[in-house]
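In what follows, a structure is listed as structure tokens, so that the remarks can point back to it.
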Amino acid sequence: MCGIVGIFGLEGVSAPEHRLAEMMRAMDHRGPDAEGQFMAENLVLGHKRLSIIDDQRSFQPTLSFLRRWALCARL
């Protein structure tokens, strides 16, 4: 089972990179096969991936061509 974490609205949040790392460690059991992170001005996203039956195109977070949009999807 994959896992997704994130913080939106980082005003007043100290050390968001550290908090994201803590959240990612807390869900290590959710997906040992791959992980991804995205950090922007007001947003951090993280994803852990478990590959059971999956192709290689589903690494996340997925970024748009110009890197303006980031998406973590849970199916």
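The values are calculated or read from the model by the stated rules, or taken from the named source; none is laboratory data. Not measured: the values here are computed from a predicted model. Using ideal geometry, Cβ is built from the backbone for each residue, glycine included, and neighbour counts are taken over all protein chains shown.
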Review point. In region 28-44, which residues are out of contact with any helix residue (DSSP H, G or I) (no Cβ under 8 Å at 6 or more places or on another chain), touching a residue at least 24 places away in the same chain (Cβ under 8 Å) and part of a strand (DSSP E or B)?
Key: ALA34, GLY36, PHE38, ALA40, LEU43
Check your understanding: From the list HIS18, HIS47, HIS29, which one is buried (at least 17 other Cβ atoms within 10 Å of the Cβ) and not basic (Lys, Arg)?
Key -> HIS47
Exercise for review: Could you grab the pairs with beta carbons closer than 7 Å, sequence gap of 6+ or different chains, first residue in region 12-27 and closer than 22 Å to ARG49 by Cβ, second one at pLDDT below 90 and assigned to a loop (DSSP other than H, G, I, E, B)?
Suggested key: PRO16/LEU10; ARG19/VAL13
